[in-house]
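Note sheet for the following structure.
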Amino acid sequence: MKVKEQTIHKYGFVRLIDIMGSDNDIADAARVSYGEGTRSVSDNRNLIRYLVRHRHTSPLEMGTVKFHLKLPIFVMRQLVRHRTASLNEYSGRYSIMSDDCYVPELDYIQPQSKTNNQGRSDDGLSDGWKTKYQQTIDDIRYKCLVAYDFLIGNKSIKHGGLTRELARMVLPVSNYTECYWKIDLHNFFHFCRLRMDDHAQREIQDFSKVMYEMVKPHFPSSCEAFEDYSLYSISYSRMEMDVLKYTLNSFPEMKLFIENLKNSEDVDFGMGKREWKEIVEKLYK
């Protein structure tokens, strides 16, 4: 396949290196469970939607995606958290680290949230403070790179400098690294649900959203089902479901209203007959 690439921020990039499998492969893997004579039970799209809706995830593992990524080390740490992926990273022990470092644009610079210890606040900073913070980050970046360059050796040091595996420790986590990152489609969707969420760090959102859009054309039905039943869905606790059921059962006309919606030609929710049956069972069982 032709490698797709998109630049992220100033120095980073996402490259989609390889794709294994397709929606057809996922559907075929699911049909193996049924045995012979059942291949016409459902077309691929409906079958995949059923799999995702009911969390039958193993067939999704028949699809695999592989990326080449260049990203800041502090963003890489969030990527590494997804231990279901296989990866190989650029080594600062063998090679000299890049001079590229991430310095956030002004609109990315926000104060610490008072309610979320791992997030930014929506309360904006003045442009003056943003510029001061940005300059501080850039000044430290420069000093760290100068120190690293000195440690690994220059013409004035006859012995050739400090070993690279030690010299790299002065570099900031804004320094860029590279990796190859491969993951099956089921776990890729899990990664996307977490890292594309509005609560995720903005920088990892920037990478994950581009990665998802690159994969989407290769697995259109699977991605459609992921968006419908996972990415844009919400779940209810037992207590929340009790409240919902109590409300519906207190107003019997609501069940008739839902039945009318199911048969209405004026309103289309994009659900098939089976899905309508399942929603009624969920609400009234």
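Would you say Cys144 is touching an Asp or Glu at 6+ places or on another chain (Cβ under 8 Å) and either surrounded by 12 or more Cβ atoms within 10 Å (Cβ to Cβ) or assigned by TED's automatic domain parsing to the domain that holds Asp23 (or both)? Show your work before the answer.
Values: touching an Asp or Glu at 6+ places or on another chain (Cβ under 8 Å): no; either surrounded by 12 or more Cβ atoms within 10 Å (Cβ to Cβ) or assigned by TED's automatic domain parsing to the domain that holds Asp23 (or both): yes.
No; evaluated as a whole, the condition is false for this residue.
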>> Being surrounded by fewer than 20 Cβ atoms within 10 Å (Cβ to Cβ) and within 17 Å of Ser174 (Cα to Cα) is the filter here; which residues of the stretch 74-91 pass it?
In response: Phe74, Arg77, Gln78, Val80, Glu89, Tyr90, Ser91
> Among (1) touching a Gly at 6+ places or on another chain (Cβ under 9 Å); (2) exposed (fewer than 13 other Cβ atoms within 10 Å of the Cβ); (3) not in a helix (DSSP H, G or I), which single condition is Gly161 missing?
Replying inline: (2)
>> Looking at Glu224 and the list (1) closer than 18 Å to Thr57 by Cβ; (2) of a type in the set (D, E, K, R); (3) in a loop (DSSP other than H, G, I, E, B), which single condition is not satisfied?
In response: (3)
> Looking at the stretch 20-31, which of its residues are touching a strand residue (DSSP E or B) at 6+ places or on another chain (Cβ under 9 Å) and surrounded by fewer than 18 Cβ atoms within 10 Å (Cβ to Cβ)?
Replying inline: Met20
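Could you list, in sequence order, the residues of the stretch 130-146 that are of a type in the set (Phe, Trp, Tyr) and under 21 Å from Gln201 (Cα atoms)? Please lay out each step first, then the result.
Within the stretch 130-146, the subset of a type in the set (Phe, Trp, Tyr) is 133, 142.
Hit for the stretch 130-146 is Tyr133, nothing else.
Keeping to the stretch 202-225, report how many residues are touching a residue at least 60 places away in the same chain (Cβ under 8 Å) and either touching a strand residue (DSSP E or B) at 6+ places or on another chain (Cβ under 8 Å) or surrounded by fewer than 15 Cβ atoms within 10 Å (Cβ to Cβ) (or both). If you could, list the steps in order and put the result at the bottom.
Of the residues in the stretch 202-225, the ones touching a residue at least 60 places away in the same chain (Cβ under 8 Å) are 202-204, 206-207, 210-211, 214-215, 218-222, 224-225.
Checking the rest, the ones that are also either touching a strand residue (DSSP E or B) at 6+ places or on another chain (Cβ under 8 Å) or surrounded by fewer than 15 Cβ atoms within 10 Å (Cβ to Cβ) (or both) come to 202-203, 206-207, 210-211, 214-215, 218, 220.
The qualifying residues number 10.
Condition test on Val41, is it touching a helix residue (DSSP H, G or I) at 6+ places or on another chain (Cβ under 9 Å) and modelled with pLDDT of 95 or more?
Working: touching a helix residue (DSSP H, G or I) at 6+ places or on another chain (Cβ under 9 Å): yes; modelled with pLDDT of 95 or more: no.
No; evaluated as a whole, the condition is false for this residue.
Is there a residue in the stretch 121-131 that is under 28 Å from Cys192 (Cα atoms) and surrounded by 13 or more Cβ atoms within 10 Å (Cβ to Cβ)?
In the first step, residues of the stretch 121-131 are kept if they are under 28 Å from Cys192 (Cα atoms); the result is 121-124.
Now restrict to residues that are surrounded by 13 or more Cβ atoms within 10 Å (Cβ to Cβ): 121.
Looking for residues that are under 28 Å from Cys192 (Cα atoms) and surrounded by 13 or more Cβ atoms within 10 Å (Cβ to Cβ), one finds at least one in the stretch 121-131, hence yes.
The values are calculated or read from the model by the stated rules, or taken from the named source; none is laboratory data. Note that the structure is a prediction, hence the values are computed from the model and not measured. All Cβ positions, glycine included, derive from the backbone under ideal geometry; neighbour counts span all protein chains shown.
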